[in-house]
Amino acid sequence: MQYIYKKLLDISEEKAKELGITSEDLALYFPDHLMIDVEFKSGYLKFKLLEFVLFLLAMGVKTFLLPRKDQPGSLDIEEVERVYTREALGYDRKHHFTTRGQDTIWRRKAGEAVAAYCQKNQPNEITVLDLCTGTGLTLLEICKILASRNITKRLNVCLTGLDYNRSMLGVAEKRPYLFANILTDFVKGNAMDLYSPDGKSADGENSRFKAESFDVVTQMCGIGGINDPKSVFEGVLKVLKPGGHFFLADMHRPIPNLIGELPIINKWVEMPLFEVFIYEKGTIPIVLNQLWGWRDTTLDFYILPLVSWQDGNQFWGFKILSFEEESLRWWLSMTLMPYAKLIVEKTEITKEEHDKRQKILSLLGK
Ligand SMILES: C[S@@+](CC[C@H](N)C(=O)[O-])C[C@H]1O[C@@H](n2cnc3c(N)ncnc32)[C@H](O)[C@@H]1O
């Protein structure tokens, strides 16, 4: 039997040529695994076994995590809002459960990123915006890391958590953040509409910010519920100070030649078909779409470094500081939790680079 793991990007060579974009330009931004189909061949019994694992996964989610009953729609802001209003009180427990507790480690990495920024830039004060902050778990871990590094003894820390959902914010506001020299503030806002030149809210309800308001922006498991990720990245580019850092972490589909190893009896084996099949047929529809109102976020990691902004006669874009994709172990040590983390820095770019990035984005229909 055959299973095709379809490419995510289908860029027309002809159109690229017309725009003067070479294959070398594209290779800088898009790795091969996004651009080619991968074909898997396997026996009938193996497929049946995969379908059985899928069935167990679906039953497990249904029984223990009680997802919403309605079928996923277009995952627009109203639908995502309904999911998180329903999930707010049980969010922490469910999120720890679906990630086998790894989510706390991921959130600490956001804290590490803020600490690294402080060490590199030695500011007197640091301002951090956590997008799609939910119940505030990421800000809590950022506080712990900054306190454990004694950073809070050296500088004032202002943390803002932004979310669209009042029920999630309600839980965040009740959490005690008892750290000296750390100010936390939670605001209602739309991550797709972060910036306004005067920092004023358009409707008196959703917060917006002036250009260059923050040193670091973090977004942990926050981009998958957003139907226009590019608008989020453009807003982040505007509200970050020059040299500011953006930390983005979420799921990333398995990369067929970078598969995790699984212990079976006394051997470590790679099972690429197992990983890609369960991710496409199980993780995306059952866990991401149904339970969390989420999409596959893989392409967002490749769109972010292409976003740029013209401010007067200056051009701004992002420089990649680090990118990691890992096939992490889920329950029973199964390699079913592919996750990625990207850290970029706001940097001045040339007009030529800005034009090139805009053209590449247009090839993606963005
Ligand atoms: C999976 S939770 C993540 C929460 C938190 N970052 C964490 O690490 O636990 C996703 C959050 O994104 C929020 N969200 C979704 N779309 C949003 C938008 N357009 N603007 C602001 N928040 C949004 C949801 O309300 C929800 O609280």
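Number of residues in the range 191-208 that are within 13 Å of the ligand (Cβ to nearest atom) and surrounded by 15 or more Cβ atoms within 10 Å (Cβ to Cβ) equals 7. Which of the residues that make up the range 161-193 are under 15 Å from F214 (Cβ atoms), among the aliphatic types (A, V, I, L, M) and at pLDDT 95 or above? Within the range 161-193, L162, V187, A191 qualify. So which residues in the range 159-187 are surrounded by fewer than 17 Cβ atoms within 10 Å (Cβ to Cβ), assigned to a loop (DSSP other than H, G, I, E, B) and within 13 Å of the ligand (Cβ to nearest atom), if there are any at all? Residue satisfying the conditions is R175 alone.
Restricting the search to the range 230-270, which residues are more than 24 Å from Y339 (Cβ to Cβ) and either aromatic (F, W, Y) or without any contact (Cβ under 8 Å) to a residue 12 or more places away in the chain (or both)? I265, N266, K267, listed by residue number. Screening L332 with (1) farther than 26 Å from P263 by Cβ; (2) out of contact with any Leu (no Cβ under 7 Å at 6 or more places or on another chain) gives one miss only, at (1).
Could you identify the single residue in L28, L56 that is away from the ligand (no atom under 16 Å from the Cβ), within 24 Å of the chain's Cα centre (by Cα) and more than 25 Å from N227 (Cβ to Cβ)? If you could, list the steps in order and put the result at the bottom.
Values: L56 fails: within 24 Å of the chain's Cα centre (by Cα).
Being away from the ligand (no atom under 16 Å from the Cβ), within 24 Å of the chain's Cα centre (by Cα) and more than 25 Å from N227 (Cβ to Cβ) holds for just one of L28, L56, which is L28.
Answer yes or no as to whether L9 is within 24 Å of the chain's Cα centre (by Cα) and in a loop (DSSP other than H, G, I, E, B). Criteria met by L9. Note on the range 303-336: residues that are of a type outside the set (A, V, I, L, M, F, W, C) and buried (at least 18 other Cβ atoms within 10 Å of the Cβ) total 6.
Scan the range 119-129 and give yes if some residue there is in contact (Cβ under 8 Å) with a residue 24 or more places away in the chain, more than 11 Å from the ligand (Cβ to nearest atom) and under 20 Å from the mean Cα position of the chain (by Cα), otherwise no.
Pass one, the range 119-129, residues in contact (Cβ under 8 Å) with a residue 24 or more places away in the chain: 121, 123-129.
Remaining after also requiring more than 11 Å from the ligand (Cβ to nearest atom): 121, 123-129.
Then drop every residue that is not under 20 Å from the mean Cα position of the chain (by Cα), which leaves 128-129.
Scanning the range 119-129, I find at least one residue that is in contact (Cβ under 8 Å) with a residue 24 or more places away in the chain, more than 11 Å from the ligand (Cβ to nearest atom) and under 20 Å from the mean Cα position of the chain (by Cα), so the answer is yes.
For every residue, the table says whether it meets (1) out of contact with any Lys or Arg (no Cβ under 9 Å at 6 or more places or on another chain); (2) more than 30 Å from T152 (Cβ to Cβ).
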| site | (1), (2) |
| --- | --- |
| L56 | yes, yes |
| K62 | yes, yes |
| E79 | yes, yes |
| R82 | no, yes |
| H95 | yes, no |
| I105 | yes, no |
| R108 | no, no |
| Y117 | yes, no |
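All of T98, T138 fail the test of being surrounded by 17 or more Cβ atoms within 10 Å (Cβ to Cβ), within 11 Å of the ligand (Cβ to nearest atom), within 18 Å of the chain's Cα centre (by Cα) and modelled with pLDDT under 95, apart from T98.
Among the listed residues K109, K144, which satisfies the condition of being over 22 Å from G224 (Cβ atoms) and either in contact with a strand residue (DSSP E or B) (Cβ under 6 Å, 6 or more places away or on another chain) or not hydroxyl-bearing (S, T, Y) (or both)? Result of the check over K109, K144: K144.
So, in the range 220-229, of the ones that are more than 7 Å from the ligand (Cβ to nearest atom) and closer than 17 Å to K341 by Cα, which residue ends up surrounded by the fewest Cβ atoms within 10 Å (Cβ to Cβ)?
Quick first cut of the range 220-229, residues more than 7 Å from the ligand (Cβ to nearest atom) only: 223-224, 227-229.
So of that shortlist, the ones also closer than 17 Å to K341 by Cα come out as 223-224, 229.
Values: I223: 24, G224: 21, P229: 23.
Residue satisfying both the conditions and the ranking: G224.
The combined condition, being crowded, with 24+ Cβ neighbours inside 10 Å and either more than 30 Å from T98 (Cα to Cα) or within 17 Å of the chain's Cα centre (by Cα) (or both), is not fulfilled by A211. Do the conditions hold for A110, that is, is it within 16 Å of the ligand (Cβ to nearest atom), in a helix (DSSP H, G or I), within 25 Å of E325 (Cα to Cα) and at pLDDT 95 or above? Yes, satisfied. Taking G312, is it without any contact (Cβ under 8 Å) to a residue 60 or more places away in the chain and not acidic (D, E)? Yes: the conditions hold for G312. Scanning the range 14-45 for residues that are over 30 Å from L361 (Cβ atoms) and either at pLDDT 95 or above or loosely packed, with under 15 Cβ neighbours inside 10 Å (or both) gives F40, K41, G43, Y44, L45.
The values are calculated or read from the model by the stated rules, or taken from the named source; none is laboratory data. Every value quoted in this text rests on a predicted model; they were computed, and no experiment measured them. Every residue, glycine among them, receives a Cβ derived from its backbone with ideal geometry; neighbour counts consider all protein chains shown.
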